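> What follows is a single structure, and I will ask about it in a moment.
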Amino acid sequence: MPEGNILHRIARVHGQWLVGRSFTADSPQGRFSAGARHLSGRRLVSVDAHGKHLFHLFEGGVRLHLHLGLFGHLRHFRSRAPPPSAACRLRLASPQVTLHLAGPQACELLGPEEEAQLRSRLGQDPLRPDASPSRAFEALRRGRIPLAAALLDQERIAGVGNILRAEALFLARLPPLRPASELRLADFERLWEALRLLMEDAARDGRIVTPHAPPAPWETPGKRREDRFSVYDRAGQPCPRCATPISRVTLAGRGLFFCPGCQTPHGHTASVARRKVMEHAPKT
DNA sequence: CAAAAATGCTGAC
DNA sequence: TCAGCCTTTTTGT
């Protein structure tokens, strides 16, 4: 379910509503009972997101590491919470706020050096204020794999998932299958900026919505899922920018969506040139 | 009801 | 590269 923007959103919500409170913890599902006992009664000191990982620091130096994986789900309740589902791995309850965690890939207590080691393996996170774009540029260009594959490698850039990859490459007009080592600085700068914009909007609004402009005549208004994206999960449908049918290829076992019409090696300059020609064309 | 799929990651070939 | 993890939602009988 979540890409990095969702984790940052959760961290912000927890920072506002959970930090400073003490919680009773338990594990209805049972697989985190020992950890929950250790957390119970402690005050939450801080919350931090890095990529798709969440780090909660409780008083006494107790560190909780969460990763939602593909299925993980967090629910928040004010005042009265419903009974937890049988799959609820961790419940944190206070008089004002209750949290239910189900299906996480990771829910564990870490020592300080374990946490540091984990964090040191994560790449630059576009949503973190301490992110270094030049280090991200370096990391992306290492090795000889397609740019689209490098973007999902959390040790190069942290927080990008399959949707953000597709939408950011589309916004930056970059061909996803070109070797990452051939990425030029100007292309990277467009890509980084697209990631930052998409992720910041999505962290604030709670969902990824791409500003695909202009509104195309073949698009019908609606709230169905596919309307939120320009290329992700839209194989065969017309590109909102150039109307070429969107492609889907399988790369490293996962679907990659892109527009073969305008995500071309020099798609950016080519389309700018085309627009200039249009501007100077005689009016009809 | 059952089945399938999903924005992720790991460990074993 | 593939199965497995594990939950929720959507789709199909």
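The values are calculated or read from the model by the stated rules, or taken from the named source; none is laboratory data. Remember, it's a predicted structure, so these values are computed and weren't measured experimentally. Positions of Cβ are backbone-derived with ideal geometry, glycine not excepted, and every protein chain shown enters the neighbour counts.
> Only one of A:222, A:255 is modelled with pLDDT under 90 and within 25 Å of residue A:201 (Cβ to Cβ). Can you tell me which?
A:222
> Still on this model: May I ask you to list the residues in the stretch A:76-93 that are surrounded by fewer than 17 Cβ atoms within 10 Å (Cβ to Cβ) and either of a type in the set (A, V, I, L, M) or more than 16 Å from DNA strand B (Cβ to nearest atom) (or both)?
Across the stretch A:76-93, the qualifying residues are A:76, A:77, A:78, A:79, A:80, A:81, A:82, A:83, A:86, A:87.
> Can you name the number of the only condition in (1) more than 13 Å from DNA strand B (Cβ to nearest atom); (2) over 22 Å from residue A:176 (Cβ atoms) that residue A:119 fails?
Single failed check for residue A:119: (1).
> May I ask you to list the residues in the stretch A:1-33 that are within 16 Å of DNA strand C (Cβ to nearest atom) and more than 28 Å from the chain's Cα centre (by Cα)?
Of everything in the stretch A:1-33, those that are within 16 Å of DNA strand C (Cβ to nearest atom) and more than 28 Å from the chain's Cα centre (by Cα) turn out to be A:26, A:28, A:30, A:33.
> Collect the residues in the stretch A:190-208 that are surrounded by fewer than 22 Cβ atoms within 10 Å (Cβ to Cβ) and either among the basic types (Lys, Arg) or under 19 Å from residue A:145 (Cα atoms) (or both), keeping them in residue-number order.
A:190, A:192, A:196, A:204, A:207
> Of the residues A:116, A:166, which is free of Cβ contacts under 8 Å to residues at least 12 places away in the same chain, aliphatic (A, V, I, L, M) and on the phi < 0 side of the Ramachandran plot?
Residue meeting the stated conditions: A:116.
> Sticking with this one: Just give me the residues in the stretch A:152-179 being more than 16 Å from DNA strand C (Cβ to nearest atom) and part of a helix (DSSP H, G or I), in sequence order.
Once the filter is applied, which keeps residues that are more than 16 Å from DNA strand C (Cβ to nearest atom) and part of a helix (DSSP H, G or I), the stretch A:152-179 yields A:164, A:165, A:166, A:167, A:168, A:169, A:170, A:171.
> Which one of A:35, A:41, A:61 is more than 16 Å from DNA strand B (Cβ to nearest atom) and in contact (Cβ under 8 Å) with a residue 60 or more places away in the chain?
A:35
> Output yes when any residue across the stretch A:185-194 is over 16 Å from the mean Cα position of the chain (by Cα), away from DNA strand B (no atom under 13 Å from the Cβ) and not in a helix (DSSP H, G or I), and no when none is.
no
> Within the stretch A:53-70, can one find any residue that is outside any strand (DSSP E or B) and among the hydrophobic types (A, V, I, L, M, F, W, C)?
yes
> Conditions: (1) closer than 30 Å to residue A:263 by Cα; (2) part of a loop (DSSP other than H, G, I, E, B). Residue A:138 meets all but one. Number of the miss?
(2)
> How many residues does the stretch A:229-247 hold that are surrounded by fewer than 16 Cβ atoms within 10 Å (Cβ to Cβ) and either near DNA strand B (Cβ under 10 Å from one of its atoms) or among the aliphatic types (A, V, I, L, M) (or both)?
The total comes to 2.
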